[in-house]
Structure formats: structure tokens, C-alpha cells
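The block underneath contains the structure these notes are about, expressed in C-alpha cells.
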There are 2 protein chains.
Amino acid sequence: MFEEICPSTLLPFKVGGDKWAGMVLRCLEGGPRRYSELRVPLARISPKMLTQSLRSLERDGFVRRTEYADPARRVTYELTGLGRSLLEPLRAFCDWAEDHWDELLDARES
Amino acid sequence: MFEEICPSTLLPFKVGGDKWAGMVLRCLEGGPRRYSELRVPLARISPKMLTQSLRSLERDGFVRRTEYADPARRVTYELTGLGRSLLEPLRAFCDWAEDHWDELLDARES
DNA sequence: GAGCGTGGTTACCGATTGGATACCTTGGTA
DNA sequence: TACCAAGGTATCCAATCGGTAACCACGCTC
């Protein structure tokens, strides 16, 4: 889903309080996801970083963690209202990056 | 101009390829600025970081550095077209942060 | 009872970031 | 002559970031 060099890596903005936060948020766009479900689109993330990223997004009120009482372990993560509202400017950035993709590459090469 | 805790520091996004890039860009919004002029609004930046930030913004095509042939040394920095186009999504972020300032503080405290 | 999946944690390590401080060169000014 | 401003560099250090790898508890299934 996210390439090794995706538009956001060319931003002069590291999109992430940590490197992954932005991608994690975008992965939650479609509704609640489990820990292991997040590891699929975020193929290159280590468990450590995913936990770290989720914890800090939770602490700051962007993501809600829900642990179910199921006998088998089940935890989901979903966007809070705050988190969802942030998707809009985030998308603006991503769109910008896609629109200027070529210019960005040109500039970086020379 | 930029408080110690300004909206962007509460984003889950470090707004800056480095910490300062976003602020530097916004300082250039009003037209060309000299090195020393940038140090005023960016009160807490060290010369090293300002140089570093400017160099990387220049390398990546967001900022143009102009050295004048004046006998006295004179250098200005200004936004390129690419840099200017980035202001829009950047402002979207800043606006968002201001709108959600209280929520951000609340979330961070608890 | 052996192994598997879920949802992590821990330890370790190297690379990167960012801050403080001192210093430098060129030219102008008193 | 001494000093000042502009536009930086150089050096050092501490903290943070991010990756690898190993491990772990719980419940389930074979």
C-alpha cells in the first residue's frame, strides 16, 4: 500500500510525529482495524514501531483502542472524532504531493 | 511569532523535514527575507539549524537563495513556485491545529 | 502436550536530530 | 585601530528514532 518512496516521503514534512503516524491514520480511514490487520498494509513496520505509534496516537486522542472481553484476545483501533477531522488536511498534503510528484523528483535529483 | 508550544507542535506530524522547515516556509510567505531577518520570528532557532533547514529546502526546490554582488554581504531567501504551492496544504494543517487547539491540549493532558 | 495466532514487550544498537557554543571572514564604521 | 553586523562554519554532546531479534502470555486446535 505505501511504497518505500511514497509521496509523503518527498514532503519537506516528515508526515508523522513518528515516521508512521500518518500512514497509520490513513489505514484507519475505513473503520476499526485490529493490530494484525494494520501490519498488512504497513508491511515494513516492526511490531515495536506499530505499538509505539498507536500508543502515542492514542495518548494524544487521535485513536481509540478497544479491548474486547472475548475469550480469545481481540483488540481494535479506530479513529476518534479528532483523528477523523485530521484526515482532511492530511489528504490535502498527500494530494499536493501527488500533484507535484515530478517536480519533487526533479528538484531532488539536481 | 512561533510560541514555544505552537499549534504545529501538537500535531501528530512533525511539521518539518526537520523541525523548523514548516516555520521557515511560513516566514517566507511575505516575500524574500534575509538570513538575519529570519532569525527574528524564529527566535529560538540556532544558526546551525537555520542554515541546515534553508539548505535542505533549497536543495529540494522549495526555496531560492540569492547572493547579491553588493560590496556588503547580502543574501536573501524566497519561495519558489513549488514552495509557494506548498503553503496551501500547510495552512490547512495550521488552521486545523488552531481549530482543534483545545481538544489537542485536553487530550495531551489526560 | 506441541505448535500456532494474537497482541504485544524487552533489550540492544547504530543513525539521526537538535541544541549550545565558539569561531570565522568580509566589509563598514567610529 | 578597534569594533560591529552579516552570514554563516565547526565542534561537541545528549536525546530521540528506528530497526532487529528474541521473548512472552493466553487461548485454541491437533
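Just a few scattered comments:
- Any hit, segment A:15-30, residues being of a type in the set (Asp, Glu), over 13 Å from the mean Cα position of the chain (by Cα) and away from DNA strand D (no atom under 12 Å from the Cβ): no
- The residue that is farthest from the other protein chains (Cβ to nearest Cβ), among those in segment A:71-82 that are surrounded by 14 or more Cβ atoms within 10 Å (Cβ to Cβ) and more than 10 Å from DNA strand C (Cβ to nearest atom), is A:Glu78.
- Residue under evaluation B:Trp101, criteria (1) at pLDDT below 90; (2) within 8 Å of chain A (Cβ to nearest Cβ), criterion not met: (2)
- Conditions (1) loosely packed, with under 13 Cβ neighbours inside 10 Å; (2) at pLDDT 90 or above; (3) within 21 Å of B:Phe13 (Cβ to Cβ); number of the one not met by A:Tyr68: (3)
- Boolean, B:Leu105 is more than 16 Å from DNA strand C (Cβ to nearest atom), without any contact (Cβ under 8 Å) to a residue 60 or more places away in the chain, open to solvent by less than 70 Å² (accessible area, probe 1.4 Å) and of a type in the set (A, V, I, L, M, F, W, C): no
- Unmet requirement for B:Glu98, which otherwise passes all of (1) open to solvent by less than 70 Å² (accessible area, probe 1.4 Å); (2) more than 16 Å from DNA strand D (Cβ to nearest atom); (3) in contact with a helix residue (DSSP H, G or I) (Cβ under 7 Å, 6 or more places away or on another chain): (1)
- Matching entry among A:Glu58, A:Glu4 (being within 16 Å of DNA strand C (Cβ to nearest atom), open to solvent by 40 Å² or more (accessible area, probe 1.4 Å), of a type outside the set (Ser, Thr, Tyr) and within 11 Å of chain B (Cβ to nearest Cβ)): A:Glu58
- The residues of segment B:15-42 that are of a type in the set (A, V, I, L, M) and farther than 27 Å from A:Lys19 by Cα, listed by number, are B:Leu38, B:Val40.
- Among the residues of segment B:8-50, just one is more than 14 Å from chain A (Cβ to nearest Cβ), in contact (Cβ under 8 Å) with a residue 40 or more places away in the chain and near DNA strand C (Cβ under 9 Å from one of its atoms), namely B:Arg44.
- Tallying residues that are within 8 Å of chain B (Cβ to nearest Cβ), open to solvent by 30 Å² or more (accessible area, probe 1.4 Å) and either under 28 Å from B:Arg108 (Cα atoms) or within 16 Å of DNA strand C (Cβ to nearest atom) (or both) within segment A:83-95 yields 3.
The values are calculated or read from the model by the stated rules, or taken from the named source; none is laboratory data. For clarity, every value in this text was computed on a predicted model and none was experimentally measured. Counting neighbours? That spans all protein chains shown, and the Cβs are built from the backbone with ideal geometry, glycine included. Accessible surface is based on the protein model in full, side chains and every heavy atom, while ligands, DNA and RNA are left aside. Shrake-Rupley method; radii C 1.70, N 1.55, O 1.52, S 1.80 Å.
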